[in-house]
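A short write-up of the structure that comes next.
The values are calculated or read from the model by the stated rules, or taken from the named source; none is laboratory data. Just so it is clear, the model here is predicted, and its values are computed rather than measured. Positions of Cβ are generated from backbone atoms using ideal geometry, with glycine treated the same way; all protein chains shown enter the neighbour counts. To get the accessible areas, we keep the full protein, side chains included, count just its heavy atoms, and leave off ligands, DNA and RNA. Shrake-Rupley method; radii C 1.70, N 1.55, O 1.52, S 1.80 Å.
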Amino acid sequence: MVTTTREEQRDRLWKAAAAVTDPELPMLTLADLGILRRVEIGDEGTARVWITPTYSGCPALAEMRADVHRAVRAAGFDQVQVHTELSPPWSTDWITDEGRRKLLENGISPPGAAPRRASGSVPLTLLPTRTVPHCPQCGSERTEELSRFGATSCKSLHRCQSCLEPFEHVKEI
Amino acid sequence: MSGDHIYSALSEEHGGDARWAFGTGFTDALAGVDTTVPEGVDGDDLALYCQMLGDDALVQAQRLTDWVTDAPELEEEVALANIALDLIGQARLLLARAGQADGSGRDEDAFAYWRGPEEFRNVQLAEAPRGDFARAILTLLVLSSARLAVFSRLSSSKDPVLAAVAAKAVNELAYHREYAVSWALRLGDGTPYSRERMVAAVADVWPMTGELFATHPVEARMAAQGVGVDPAEVSQEVHRVLTEVLTTATLDAPAPFPEPVVAGRQGTHTAELAPLLTELQKVAREHPEATW
């Protein structure tokens, strides 16, 4: 029997959970997205993993939870608990540089800096109120927003006015 | 690993977690969150308060889905459906919290599917008929502005679960309000016809706005304990926001809100709620043990 230290186990647990991919953005791992918050080995050897939802209604969360469960079991942990952590709320600022690179490589425009929360003030303009994304295909800065809401909660729809290709952008939140 | 394609998850073993479609394997929305009710906070009051905020979101979301397959443009349908999805997410968390707070252990489905109209605590504007697109936009503008004002304050609630749910929701609600503002500006300051529709929408919706700022005794007690927010407190701020939006859209400054009278918060609803719930609850009630 191979004995391993608690740190080695914890490391193995983190790697197993971190490698799980997002069902809706399959090029990204949970670590790339910044939704894997922490892991812990309990006294009884229970593997405990905390993940945070992107949007309150994100239907992928249940899927990710099941995938984490399966991946951690496959890494040799018999007792697995996957927990939800709500606070602090997820922000696109937590998407890693590696994650941003992968998004771009796959034709999805990565988010800019998340907006500061200013609930009292209301933007009264039809001009873009958030970052204008560059075209992930040709790099042009001349892009227009088609819809602030896209095929999934986390994305908006845009079109490049230079190469005329439509593209998706991960919304700053 | 299942991650290569979303559909690959469908063909894999899910143990007892039966499902037939992606995204439907719902588990407890608050799994693993510390759900102890803070000391000195009345669990029954907290549960009712969570139902009020949760029902506002659930009923508004169900009403918004009336637009699915029927919106003026595909992009607007996607937007309204996304907004509904955010609200359903907020409702799930709040209703799950309600079932823990009152000690009944009821889950979100028990609240959504197995209560009658008189047990729902949403404001009447959430259940109001969808009307035309201008009316839908104005309703969304009013509801998202009021909810954003309440939830911003709720982010510092003494109940850590409510505070966390609110802090998350605030970012989503800011997007909802932005969307409603962008359309209010286009329609109000658009063609004479679109403007006429917006004027009619204000006339239709305004009489129902007073209730949003009426204080139910549970809201008053929760606010006094630092757990909830007294909606009367946000009335001025919301009126200022709406005035700013409507006047920028070249419409008349709106009248003051009508007198705040508690209605939906005590289970008094319009005739619109029952048919809305019949549709929402139909499958769950016909197949009570079904899993999917």
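Restricted to region A:39-52, and to residues there that are in contact (Cβ under 8 Å) with a residue 24 or more places away in the chain and away from chain B (no Cβ under 12 Å), the residue that is farthest from A:Glu98 (Cα to Cα) is A:Glu44. Scanning region A:53-68 for residues that are more than 9 Å from chain B (Cβ to nearest Cβ) and touching a Phe, Trp or Tyr at 6+ places or on another chain (Cβ under 6 Å) gives a single hit, A:Thr54. Might you check whether a residue that is over 11 Å from the mean Cα position of the chain (by Cα) and surrounded by fewer than 17 Cβ atoms within 10 Å (Cβ to Cβ) occurs anywhere in region B:97-104? The answer is yes; a qualifying residue exists. Within the set A:Leu86, A:Leu146, A:Leu164, the sole residue that is at the interface with chain B (Cβ under 7 Å from one of its Cβ atoms) and either more than 30 Å from B:Asp34 (Cα to Cα) or touching a residue at least 60 places away in the same chain (Cβ under 8 Å) (or both) turns out to be A:Leu146.
Scanning region B:178-210 for residues that are touching a residue at least 12 places away in the same chain (Cβ under 8 Å), β-branched (Val, Ile, Thr) and open to solvent by 20 Å² or more (accessible area, probe 1.4 Å) turns up B:Val199, B:Val202.
Can A:Leu33 be described as at pLDDT 95 or above, over 22 Å from A:His169 (Cα atoms) and more than 11 Å from every other protein chain (Cβ to nearest Cβ)? It is false that A:Leu33 is at pLDDT 95 or above, over 22 Å from A:His169 (Cα atoms) and more than 11 Å from every other protein chain (Cβ to nearest Cβ).
Can you say whether A:Thr125 is open to solvent by 30 Å² or more (accessible area, probe 1.4 Å), free of Cβ contacts under 8 Å to residues at least 60 places away in the same chain and β-branched (Val, Ile, Thr), as far as the supplied structure shows? Considered against the rule, which asks whether it is open to solvent by 30 Å² or more (accessible area, probe 1.4 Å), free of Cβ contacts under 8 Å to residues at least 60 places away in the same chain and β-branched (Val, Ile, Thr), A:Thr125 comes out as yes. Residues in region A:132-140: is at least one surrounded by fewer than 22 Cβ atoms within 10 Å (Cβ to Cβ), within 14 Å of chain B (Cβ to nearest Cβ), of a type in the set (A, V, I, L, M) and within 18 Å of B:Tyr179 (Cα to Cα)? No, there is no match, as no residue in region A:132-140 is surrounded by fewer than 22 Cβ atoms within 10 Å (Cβ to Cβ), within 14 Å of chain B (Cβ to nearest Cβ), of a type in the set (A, V, I, L, M) and within 18 Å of B:Tyr179 (Cα to Cα).
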